[in-house]
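The structure appears right after this line, and notes come after that.
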Amino acid sequence: MADAQPHSPDEGEHALRHLTLRDGTVMSYRDIGRGPVLLLVHGWAASGAFFDTVAQALATEFRVLVPDLRGHGATPAGSAPTTISDLADDLNQLLTREELTRTVVLGWSMGATVLWSMIQRHGHDRLAGMVIEDMSPRILNDDCWALGMSSGMDAKASKRATDAMRANWPAYAAAFAPRMFARDRAAREPQIVADALNLLRARDADAMADLWSSMAQQDLRAELPGMAIPALIAFGERSEAYGPETSRYLVETLPAATAHGFAHSGHAPHLEQPEEFVDVVRNFARQALALATSNETSEGSIS
């Protein structure tokens, strides 16, 4: 299969596209709408399908790219154990192939880690802004860091988790799915949990365990102060994954960050409060793009 080719927005409002990555793995991604580009990056064990509702809504104003990361959705894992660095390089290849500039990126959970890693490895010249949805720059806790997962997960607990994934992925997925949502919502709306679980069950146990292990090794705290682009920290005020202190840390550490809490959401505000989520992301993207345009104009006038 040939590489995906850059295309102008008038080619169509909805398309499933494919990109042959450097090792021959074929990435699937959806390309929806017209306008400035938003790139939506899903979390661990999820897929681009988790963004269906918000992607369609945002596509009324933006061109929305929604990839399935390696080992997720319609994109295979490839032959080697998957790492965060692999996913970061894949996204950079997608941005390069599509010749994207002034892109607003959104990373949910692990998707944020992938974006941070991409910036660490390739810079942020192509980016106008980033939305970080309920994530920490280091998910594991220890004696010197307590802003990882709210469960207090440390290295030993992470190893137990990967062992459980490999031993019985369906059982692990069934326990994991409800924790994506605010506890009262999961109890009140069991269908939202069932829908998520139906997608989670499709993942390969070893691929998910390998990727979790890679994610647990990441510590991107030192990189954040150098990410000098507008950032929106979107978090669920009822998240069982990360506490509000983690979001405050991100606002204090990133050079140009603001936060928005979703009062009735857990770890997945885009699923739990999609209308408010779309409004918040749309407004942030408009502001980030306007700032990027203004900066480009100023630089051009100086030169």
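Taking the listed residues 96, 75, 101, 60, the one that is β-branched (Val, Ile, Thr) and in contact with a Ser or Thr (Cβ under 9 Å, 6 or more places away or on another chain) is 75, with no other qualifying.
Which residue out of 166, 138 is part of a loop (DSSP other than H, G, I, E, B) and touching a residue at least 40 places away in the same chain (Cβ under 8 Å)? Steps first, answer last, please.
On the way: 166 fails: part of a loop (DSSP other than H, G, I, E, B).
Only one candidate passes the filter, namely 138.
Tell me, which helices (runs of 4 or more DSSP H) lie completely within the stretch 173-229 with 1 or more residues that are β-branched (Val, Ile, Thr)? Outline the logic, then answer.
Values: elements: 183-188, 190-200, 205-216.
Because the criterion is at least 1 residues that are β-branched (Val, Ile, Thr), the helices (runs of 4 or more DSSP H) in the stretch 173-229 that meet it are 190-200.
Scanning the stretch 242-282 for residues that are assigned to a strand (DSSP E or B) and in contact with a helix residue (DSSP H, G or I) (Cβ under 6 Å, 6 or more places away or on another chain) yields 257, 259, 260, 262.
Checking 219, 204, 195 one by one, the residue that is under 30 Å from residue 81 (Cα atoms) and without any contact (Cβ under 8 Å) to a residue 60 or more places away in the chain is 195 and no other.
The set of residues in the stretch 59-81 that are over 16 Å from the mean Cα position of the chain (by Cα) and in contact (Cβ under 8 Å) with a residue 60 or more places away in the chain comprises 61, 62, 77, 81.
Selection of the stretch 180-192 for residues being free of Cβ contacts under 8 Å to residues at least 12 places away in the same chain and surrounded by 13 or more Cβ atoms within 10 Å (Cβ to Cβ) yields only 189.
Please pick out the residue among 100, 94, 39 that is farther than 21 Å from residue 215 by Cβ and in contact (Cβ under 8 Å) with a residue 24 or more places away in the chain. Step through it out loud before you land on a result.
On the way: 94 fails: farther than 21 Å from residue 215 by Cβ; 39 fails: farther than 21 Å from residue 215 by Cβ.
The conditions single out 100.
Answer yes or no: is there a residue in the stretch 265-278 that is more than 24 Å from residue 139 (Cβ to Cβ), exposed (fewer than 15 other Cβ atoms within 10 Å of the Cβ), modelled with pLDDT of 95 or more and not aromatic (Phe, Trp, Tyr). Within the stretch 265-278, one or more residues are more than 24 Å from residue 139 (Cβ to Cβ), exposed (fewer than 15 other Cβ atoms within 10 Å of the Cβ), modelled with pLDDT of 95 or more and not aromatic (Phe, Trp, Tyr). Looking at 130, 118, just one residue is at negative phi and touching a Phe, Trp or Tyr at 6+ places or on another chain (Cβ under 9 Å), and that residue is 130.
Among the residues making up the stretch 85-135, those that are more than 13 Å from the chain's Cα centre (by Cα), in a strand (DSSP E or B) and of a type in the set (Gly, Ala, Ser) are 128, 129.
The values are calculated or read from the model by the stated rules, or taken from the named source; none is laboratory data. As the structure is a prediction and not an experimental result, all values here were calculated from the model. Don't worry about glycine lacking a Cβ; one is built from the backbone with ideal geometry, like all the others, and counts go over all protein chains shown.
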